[in-house]
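The values are calculated or read from the model by the stated rules, or taken from the named source; none is laboratory data. Since we're looking at a predicted model, the values are computed, not measured. Here the Cβ is made from the backbone with ideal geometry for all residues, glycine too, and neighbour counts use every protein chain on show.
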Amino acid sequence: MSENSHTEHPGGHDASHDDKEHRHGGIFGGKTEIIFSLICGALLLVGFLIGRFNAAPDSVSLALYIAAYFFGGYFAAKEAIGKLRNRSFEIDFLMLVAAAGAATLGEWAEGALLLFLFSLGHALEHYAMGRARRAIEALAELAPDFALVRRDGVTSEIPVDELRRGDTVIVKPDERVPADGFVTKGEGSVNQAPITGESIPVDKRPVDDPDSDKGGENLSPEHRLFAGSINQSGALEMRVTKLASETTLARVVEMVSAAETQRSPTQQFTDKFEKIFVPAVLGLVVLLLFAPFVIDESFAESFYRAMAVLVAASPCALAISTPSAVLSGVARAARGGVLIKGGGPLESLGQLGAIAFDKTGTLTEGEPKLTDVAPHGDATEDELLQTAIAVEALSDHPLAAAVVRDGKKRLSSAPAGEAEDLVSITGRGIQATLSGDIVHIGKDDLFSEVDGPPLPASIREKIESLETDGRTTMIVRRGDRYLGVLGLMDTPREAAKAMVARLRELGVKRMIMISGDNQKVATAVAKEVGIDEAWGDLMPDDKVASIKKLREEEEVAMVGDGVNDAPAMANATVGIAMGAAGSDVALETADIALMADNLDHLPFAVGLSRKTSQIIKQNLWFSLGVVALLVPSTIFGMRMGIAVLFHEGSTLLVVVNALRLLAYREKPGSVRRKMAALPVQPLPK
């Protein structure tokens, strides 16, 4: 209800102070504050009726009004005293001064009415804001308090905080997973909606070698478990990889709570506005005290008018309008599996003119397949594959893994020996030694840079043919002999086309796909998913430069995996990481993290952001309009009680309007309804 308490309430020192002040009241624990307010109202009503009908001496009404002052002003006085000790001048104090002024003028009923309306609005506002905070606090309650652990052959139940990395935990059906880890025994379906927002349970199965990846971060989703998710069928045994304080759930709770303190551009604007507006109001109040020297009225009347103006002009609704919307928006996003780090990214996402997508793993499945094997000259298919498999086995690139995996299936003879001395030539290919021969595998650009014979025309023609069909190509040369070309394809995600169409419905006018693949492949994939612009042949530094160029033209978001795309994301207006659950890097680098590897969450986040921006604008115009109406009205004679009624009502209305975000649901657009059932067609072979 006060200038500073509202501007600082969403986080930091004052937020915690306010919580402590009111946790004992009607917001978190009991209902003391609202009960005190209702007692104040009852005493005021009885006192007024007694005085109105002369049912008892005036002293009885006075005593009831004084008691109403106590119950109505108790929490305001307690908070005001605490703020004054910190040298903070609050509206709670101004309300008390106004009520004391009314009492000094003999307007006890007026002062009691002021305190009743103020305390009631105060209590209801704290209750409403508490609701938004509880939506965030509920996340922290998802993890169970105890876990069933097997140590040294003995099974016992221990507090979750005592779990250690490497512990074996048993998760029974219908129980919540107590920690992050991976399945070592058993199969079942796990509801990950509380963490990732996925509506469909995810099937889980054991890892092949529990000791191969103790950290668990490189495992596929079918093996990984997150604290707070629910095991729906079949007992599972899991190995713990993170302490209770390090789990994805704990990180999300910590970051969502910290998001309250991140001030949005609109909050920064209202702060600057208040720094000018509040002193101007105080100056006006001082001038009104000198009204008896200008017009024919008593000092008491001028003092009353000045107090009424002071109450009417307090920018409570303005100050709470943005923080309440940001808090509700961040809480709703977290519940839907989207982590938004503050009001800045939340507002910015709704105002973007363009979104840039990384291709591999974002718009495509991220699991390329070896589709074409084209030997050159006298080389055989087996010789080409044997050489490629031996060298690519040393690389951890997704394309290398596809060559090794699918190449072995096509071999009709035994694999070649092991290669060695791998050298990565960034963005172009790799070099290694196989049985004394230097082997190069990569794009056509690579072979114009390294020593050796130039690229044959027949191979160049084959590359152009494959790339026209949307293939990513890899040329293999052993020594001075070209062995041939491999063609790989990364299939577009089924949800990509519908997601792009939905973003267009939401008003995103420009979408760009950026890729390290050659331009023809990038264009083919972009066309398949409905994106107009495709920028290919980009090195990692080129992606950063592309984002900087886009940002010079308009506000742009970069969507990627949060690891390889971190530099580009950092240079965008908003960086968005896909599939961030369990990835510390993605959680740290992104402004917005989509916890599930699910493209449907992106339109949800954009829609929520736009709705938040809309509600913030509604709240700002409404709160400013009420102040613009009340100030002249009180100057020309509106009673203080009526001014407080409008003042508190406007503050409560902007909070209730912001709370609508907690119930936000993305509306399926017409395009999405038509396309949801359409599968993405594979690229032409």
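A quick yes/no check of all residues on (1) outside any helix (DSSP H, G or I); (2) without any contact (Cβ under 8 Å) to a residue 60 or more places away in the chain; (3) surrounded by fewer than 22 Cβ atoms within 10 Å (Cβ to Cβ):
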{"position": "458", "(1), (2), (3)": "no, no, yes"}
{"position": "461", "(1), (2), (3)": "no, yes, yes"}
{"position": "467", "(1), (2), (3)": "no, yes, no"}
{"position": "482", "(1), (2), (3)": "yes, no, no"}
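Please go through segment 166-185 and give me each residue that is touching a residue at least 60 places away in the same chain (Cβ under 8 Å), crowded, with 16+ Cβ neighbours inside 10 Å and either among the charged types (D, E, K, R) or in a strand (DSSP E or B) (or both), ordered by number.
The answer is 167, 168, 169, 170, 171, 180, 181.
Return the residue satisfying two criteria in turn: it lies in segment 620-630 and is in contact (Cβ under 8 Å) with a residue 40 or more places away in the chain and surrounded by fewer than 19 Cβ atoms within 10 Å (Cβ to Cβ), and of such residues it is farthest from the chain's Cα centre (by Cα).
For segment 620-630, the residue satisfying everything is 624.
Quick one: how many residues across segment 402-413 are surrounded by fewer than 18 Cβ atoms within 10 Å (Cβ to Cβ) and in contact with a helix residue (DSSP H, G or I) (Cβ under 8 Å, 6 or more places away or on another chain)?
Final tally of qualifying residues: 5.
Pairs only if they're at least six apart or on different chains, beta carbon under 6 angstrom, first in segment 256-270 and within 20 Å of residue 318 (Cβ to Cβ), second at pLDDT below 65; list them, first residue then second.
So the pair list comes out as 260/10; 260/11; 261/11; 261/12.
Can you give me the ranges of the strands (runs of 3 or more DSSP E) entirely in segment 329-389 with at least 2 residues that are among the charged types (D, E, K, R)?
369-375
Has segment 186-193 got at least one residue that is in a strand (DSSP E or B), farther than 30 Å from residue 666 by Cβ and charged (D, E, K, R)?
no
Taking the criterion of being surrounded by 24 or more Cβ atoms within 10 Å (Cβ to Cβ), within 38 Å of the chain's Cα centre (by Cα) and among the small types (Gly, Ala, Ser), would at least one residue in segment 362-371 satisfy it?
Scanning segment 362-371 turns up no residue that is surrounded by 24 or more Cβ atoms within 10 Å (Cβ to Cβ), within 38 Å of the chain's Cα centre (by Cα) and among the small types (Gly, Ala, Ser).
Based on what the data block shows, is residue 276 hydrophobic (A, V, I, L, M, F, W, C), in a helix (DSSP H, G or I) and without any contact (Cβ under 8 Å) to a residue 60 or more places away in the chain? Outline the logic, then answer.
Numbers: hydrophobic (A, V, I, L, M, F, W, C): yes; in a helix (DSSP H, G or I): yes; without any contact (Cβ under 8 Å) to a residue 60 or more places away in the chain: yes.
Considered against the rule, which asks whether it is hydrophobic (A, V, I, L, M, F, W, C), in a helix (DSSP H, G or I) and without any contact (Cβ under 8 Å) to a residue 60 or more places away in the chain, residue 276 comes out as yes.
Can you tell me how many residues in segment 509-525 are modelled with pLDDT of 90 or more and crowded, with 19+ Cβ neighbours inside 10 Å?
4
Working only within segment 423-441, note down all residues that are of a type outside the set (Asp, Glu), on the phi < 0 side of the Ramachandran plot and surrounded by fewer than 16 Cβ atoms within 10 Å (Cβ to Cβ).
Those that are of a type outside the set (Asp, Glu), on the phi < 0 side of the Ramachandran plot and surrounded by fewer than 16 Cβ atoms within 10 Å (Cβ to Cβ): 423, 424, 426, 433.
Test residue 617 against the stated conditions and say whether it is more than 24 Å from residue 309 (Cα to Cα) and free of Cβ contacts under 8 Å to residues at least 12 places away in the same chain.
yes
Is it the case that segment 443-455 has a residue that's modelled with pLDDT of 90 or more, surrounded by 14 or more Cβ atoms within 10 Å (Cβ to Cβ) and assigned to a strand (DSSP E or B)?
Looking for residues that are modelled with pLDDT of 90 or more, surrounded by 14 or more Cβ atoms within 10 Å (Cβ to Cβ) and assigned to a strand (DSSP E or B), one finds none in segment 443-455, hence no.
What number of residues within segment 535-565 satisfy the criterion of being crowded, with 21+ Cβ neighbours inside 10 Å, under 27 Å from the mean Cα position of the chain (by Cα) and closer than 24 Å to residue 428 by Cα?
Here the count works out to 8.
Within the group 412, 395, which residue is closer than 20 Å to residue 487 by Cα, in contact with a strand residue (DSSP E or B) (Cβ under 9 Å, 6 or more places away or on another chain), part of a loop (DSSP other than H, G, I, E, B) and polar (S, T, N, Q)?
395
Picking from 597, 584, which residue would you name as being out of contact with any Pro (no Cβ under 8 Å at 6 or more places or on another chain), modelled with pLDDT under 85, surrounded by fewer than 20 Cβ atoms within 10 Å (Cβ to Cβ) and not assigned by TED's automatic domain parsing to the domain that holds residue 307?
Going through 597, 584 in turn, the sole match is 584.
The rows are residues; the columns are (1) surrounded by fewer than 21 Cβ atoms within 10 Å (Cβ to Cβ); (2) out of contact with any Asp or Glu (no Cβ under 6 Å at 6 or more places or on another chain); (3) at pLDDT 90 or above; (4) assigned by TED's automatic domain parsing to the domain that holds residue 309.
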site	(1), (2), (3), (4)
57	yes, yes, no, yes
65	no, yes, yes, yes
72	no, yes, no, yes
77	yes, yes, no, yes
81	yes, yes, no, yes
84	yes, yes, no, yes
87	yes, yes, no, yes
95	no, yes, no, yes
